[in-house]
Amino acid sequence: MRIAIPVEGEQVYTHFGHASAFKIYELIEGEHIRSQVVEPGQHGHSAIAAFLRALKVQAVLCGNMGEGAQLPMAETGIRVFGGVSGDADTALIRLLTGQINESAQGGCGCHHHEGGCHHHGEGCDCGGDCASDCHLCG
C-alpha cells in the first residue's frame, strides 16, 4: 500500500492543492518499508490527483482538503484521511494504529456564500470562490 502526505519539511502541509511536495510511504502488510519525498510538478486538484494515482497511491493523509480536491480524489479511488497535522511520520503511525479515521470531509470549514466565504464567523476576501482562492482551502 502507498500513502501520501503533503509536506513542508517534515510537517503535514495544510494547503493540499498547493503542496509542492508529498511524502510517499510504501507499506507491506501494514509495516513501513520506505518513504520518499516527491514533487508533483503541477498544482491544482486534478493534476495532483492524477500525479498521486500514477504513483499508485491508495490513501492521502492531509490537514485540509476543499471540495475542489475531494471530487478528483474520489474519482481516482484514493481514500482521504483529513484533519491531520504535525509531523508526517507521526501522522502515519497514528493512521496505522487506528487513531485516524477515513473522512470524505477533509474540509477546511469553508461555508460557501455568495460574495464570500466565512471561517468561523470571520470574513474572507476570496470573492466567493473558496475552493480555489481561500487561504484555508486545499
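What the table below lists for this structure:
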| read-out | value |
| --- | --- |
| Cut-off under 5 Å, modelled amide H: who pairs with VAL80 long-range | VAL60, SER103 |
| Fraction in percent of alpha-carbon pairs per bin - 5 Å, segment 2-107 | 2, 14, 28, 29, 19, 7, 1 |
| Burial ranking of peptide ranges 1-8, 48-55 (average Cβ count within 10 Å, highest at the top) | 1-8, 48-55 |
| Amide hydrogen neighbours beyond the local backbone of TYR13, cut-off 5 Å, H modeled | VAL7, GLU8 |
| Karplus (6.51, -1.76, 1.60) ³J(HN,Hα), θ = phi - 60°, over segment 15-24, in Hz, Gly and Pro reported as x | 9, 3, x, 10, 5, 9, 8, 10, 8, 9 |
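Read the figures in this text as sums done on the coordinates, not as results from a lab. Bear in mind that the values here come from a model prediction, so they are computed numbers and not experimental data. Note that we place each Cβ from the backbone using ideal geometry, even for glycine, and neighbour counts take in every protein chain shown.
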